[in-house]
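Taking it in order: structure first as structure tokens, then the write-up.
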């Protein structure tokens with residue numbers, strides 16, 4: 001295994017470090033490559049046993065308010081958890097259920113409706129899918145979900161039971177991140193959610209996806225470092241050739257910067273102004289998508305032929321970063337939106 | 001980890017104080033570039049104003065004339081400084097490199113002797129590391145210093161010395177033990193401070209690609225330097241040099257605000273070139289805007305780690321590769337957005353009725369573009385940084401060295 005001196009997520013704070021350690025340990029034992037292969041062979045990404053473990057460990061309910069059985073933590077606590085889920089390519093809708101849906105339900109003023117769902121989430125009994133207007137036309141893990149929270153671009157939130165959904169599964173690039181088109185049969189339940197909460201849920205989706213990408217990019221780096229260390233040509237490890245080392249070093253730069261941006265974006269949701277938090281979330285995801293795409297190219301290139309095989313595990317991460325990069329805002333869409341806002345802001349500043 | 005940078009009352013209060021002082025003191029008209037004698041003297045006068053206000057180095061300990069501001073306040077200071085469009089700092093060698101190095105490796109006498117004049121900008125320092133035959137392979141340096149009583153006698157040549165033509169003192173790496181160096185080239189090197197007015201020193205300014213005299217060659221012929229001007233142990237200068245380079249490569253907490261100000265100027269360029277609805281221009285602007293936001297996040301993360309007592313050694317090279325590429329991207333993007341007018345150096349007319357800030361930014365854009373190119377080379381080229389990252393951070397095997 002790699003012995004890098006890259007600083008792990010959560011390193012500056014004991015509580016967060018502990019949460020990351022707990023996640024790493026759990027996923028290391030139950031969401032390794034064997035698990036991914038098993039899910040792939042089963043043709044079913046979600047594994048109720050793994051989800052139950054995540055729930056038992058208190059990770060699924062980390063953001064659920066205490067009155068509904070959760071830990072009531074602020075979202076910055078789960079940035080490292082998401083990073084680890086991304087690093088393990090864990091095929092579960094954690095971001096959707098435990099972060100985005102929990103934020104919408106906990107922030108809803110319809111407590112009679114939201115409360116029981118939060119309690120079932122805490123118990124690990126249900127999965128919730130989310131559709132965030134233009135950010136996610138394709139719904140992740142829709143076929144597994146017990147509930148869909150459908151957030152329109154105007155901020156309206158409708159809740160639909162699984163029985164109310166017609167789910168058309170798509171040929172997902174990443175079979176362990178299943179996507180579907182979803183058509184609700186009725187108007188569902190109109191859920192009262194204040195606009196600030198809806199905006200916060202959107203920010204968390206975008207910043208959270210950046211955290212998943214940061215972890216997955218780190219996994220591409222680690223696997224590449226491992227491979228070029230053991231693979232010998234011309235009588236020495238290929239990782240001792242400068243052309244290879246420099247490509248790996250650039251991956252490390254991108255991986256580290258993605259991590260800083262993604263973790264920082266989740267922090268900002270709690271401590272910064274909404275405008276600043278939004279800029280940081282959009283920037284983190286825009287950068288993460290681009291960096292992951294470049295890390296994807298280098299990782300496969302440095303692995304050579306073996307990386308192209310179905311048997312070797314690398315492709316699980318190659319596809320994961322491609323799938324995540326295409327969800328919750330593509331790099332070019334987010335860049336342009338940020339650029340347009342900056343031009344407008346500069347104009348306004350002058351009056 | 002969390003950064004509470006934006007919420008703490010004391011940081012906010014400090015920020016307000018900084019903002020008020022800057023509003024009152026920052027020159028209304030931008031100073032001429034420091035690469036001319038007139039511009040340099042004006043920048044030096046500005047440094048004196050900063051010093052008199054107590055703002056020369058807010059992060060330094062009080063005993064050295066700083067404010068012991070801590071990382072969060074220091075970052076707030078830098079954010080306000082660049083937002084206010086205040087002049088470029090000219091004593092980087094002294095403030096960011098020599099000062100911290102002396103606090104770490106210097107004797108109390110050396111600190112008392114040199115640090116106050118760094119702070120007030122009475123003494124401008126430059127760095128004497130590179131030689132004509134020793135660039136990336138720095139430890140092969142051959143400027144020699146031979147002991148003669150209580151003095152070293154220095155002979156040799158330094159090159160690419162930034163601000164050499166304007167500096168008063170140089171901190172240089174010299175070889176004091178050639179025997180030790182033959183066994184292991186990093187041994188026998190000494191970190192020596194030299195007054196550039198000493199007999200036998202000759203500074204020859206070098207014109208840079210844009211014609212300005214931003215750097216110089218420094219020749220030493222039998223220059224006598226008291227042994228009391230050695231920083232650290234004689235023969236152990238490599239260690240001191242590495243901590244200097246660590247400061248040069250690592251995060252200068254708060255400099256992200258400088259880049260954000262440049263990207264703001266780019267947004268204004270987009271508007272005044274009529275590109276506000278041009279998808280490709282927005283994409284390019286968005287790219288550098290994203291990079292500056294990512295860099296800001298990295299500065300905050302490293303600051304939080306530093307505050308928690310973490311070791312940032314493994315981050316310096318990663319940081320250097322990223323910020324120098326980002327800086328290049330910013331200035332390169334500016335040239336591309338200016339289209340045909342990129343071939344005309346800094347003509348404000350090319351920006352029509354753009355606000356003064358944008359026209360000002362464009363006026364020395366080319367100069368800063370070349371500086372951005374230089375930054376990918378100085379402080380250890382980015383290729384050397386990639387070697388360091390791959391070997392010391394990622395643990396990849398060393399490249400076989402010629403025996």
query: Name the residues in the stretch B:168-185 that are in a loop (DSSP other than H, G, I, E, B) and at pLDDT below 95, would you?
result: B:177, B:184, B:185
statement: Note on the stretch A:218-236: residues in contact with a helix residue (DSSP H, G or I) (Cβ under 7 Å, 6 or more places away or on another chain) and in a loop (DSSP other than H, G, I, E, B) are A:231
task: Tell me which residues, restricted to the stretch B:202-232, are part of a loop (DSSP other than H, G, I, E, B), closer than 30 Å to residue B:187 by Cβ and at pLDDT below 95.
output: none
task: Quick one: which residue in A:239, A:264 is within 7 Å of chain B (Cβ to nearest Cβ), touching a helix residue (DSSP H, G or I) at 6+ places or on another chain (Cβ under 8 Å), buried (at least 24 other Cβ atoms within 10 Å of the Cβ) and within 17 Å of residue B:390 (Cβ to Cβ)?
output: A:239
query: For the stretch A:15-34, does any single residue satisfy the condition of being surrounded by fewer than 24 Cβ atoms within 10 Å (Cβ to Cβ) and on the phi > 0 side of the Ramachandran plot?
result: no
message: Being surrounded by fewer than 18 Cβ atoms within 10 Å (Cβ to Cβ), within 8 Å of another protein chain (Cβ to nearest Cβ) and in contact with a helix residue (DSSP H, G or I) (Cβ under 6 Å, 6 or more places away or on another chain): is that true of residue A:337 here?
response: no
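Kindly provide the set of residues from the stretch A:114-137 that are modelled with pLDDT of 95 or more, outside any strand (DSSP E or B) and out of contact with any helix residue (DSSP H, G or I) (no Cβ under 7 Å at 6 or more places or on another chain), ordered by number.
A:116, A:120, A:125
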- request: Go through (1) crowded, with 19+ Cβ neighbours inside 10 Å; (2) within 12 Å of chain A (Cβ to nearest Cβ); (3) touching a residue at least 12 places away in the same chain (Cβ under 8 Å) one by one and return the number of the condition residue B:225 breaks.
  value: (2)
- prompt: Among B:379, B:395, which is the only one that is away from chain A (no Cβ under 14 Å), part of a loop (DSSP other than H, G, I, E, B) and under 30 Å from residue A:242 (Cβ atoms)?
  reply: B:379
- prompt: Are any of the residues in the stretch A:190-200 within 8 Å of chain B (Cβ to nearest Cβ), touching a helix residue (DSSP H, G or I) at 6+ places or on another chain (Cβ under 9 Å) and in contact (Cβ under 8 Å) with a residue 60 or more places away in the chain?
  reply: no
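Here is a check on your reading of the model: is residue A:106 more than 14 Å from chain B (Cβ to nearest Cβ), in a helix (DSSP H, G or I) and surrounded by fewer than 18 Cβ atoms within 10 Å (Cβ to Cβ)?
For residue A:106, the condition - more than 14 Å from chain B (Cβ to nearest Cβ), in a helix (DSSP H, G or I) and surrounded by fewer than 18 Cβ atoms within 10 Å (Cβ to Cβ) - is not met.
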task: Counting only residues that are under 19 Å from the mean Cα position of the chain (by Cα) and within 7 Å of chain A (Cβ to nearest Cβ), give me the helices (runs of 4 or more DSSP H) lying completely in the stretch B:253-360 with at least 1 of them.
output: B:279-307, B:316-337
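The values are calculated or read from the model by the stated rules, or taken from the named source; none is laboratory data. Here the structure is a predicted model, which is why all the values come from computation and not from measurement. No Cβ is skipped: glycine too gets one built from the backbone with ideal geometry, and neighbour counts run over all protein chains shown.
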